[in-house]
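Comments concern the structure below.
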Amino acid sequence: MGRILFFLGLALVAWVLFKSWQRKQLGEKPGVGAQQKGNLGRKTQEEIMPCQHCGAYSPMSEGVMMQGRFYCGMEHAKAAGEKVH
């Protein structure tokens, strides 16, 4: 039983050293998780706004801003009475 624990501990130490070496090779900071790795190349958070017509929340880049009011699409801006050219 003692030998099993010894080899498990040895394997754990080897794994930790390998991960540390791997992080150095990739230039990562310790403690950067998979969730943060995926977000490194993305834009910062975008503001989410409610549509003035239906109340559904949409990102500002997907909606339409007319006369200071946000709409989730051109159809709802027209339905709310906005003058759309």
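Numbers for the structure displayed
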read-out	value
Residues of region 65-77 satisfying the condition of being in a strand (DSSP E or B) and buried (at least 19 other Cβ atoms within 10 Å of the Cβ)	Phe70, Tyr71
Enumeration of residues in region 42-64 that are open to solvent by 70 Å² or more (accessible area, probe 1.4 Å) and assigned to a strand (DSSP E or B)	Ile48, Tyr57
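The values are calculated or read from the model by the stated rules, or taken from the named source; none is laboratory data. All values derive from a computational prediction rather than experimental measurement. Every residue, glycine as well, gets a Cβ built from its backbone with ideal geometry; the counts of neighbours run over all protein chains shown. Accessible surface is based on the protein model in full, side chains and every heavy atom, while ligands, DNA and RNA are left aside. Shrake-Rupley method; radii C 1.70, N 1.55, O 1.52, S 1.80 Å.
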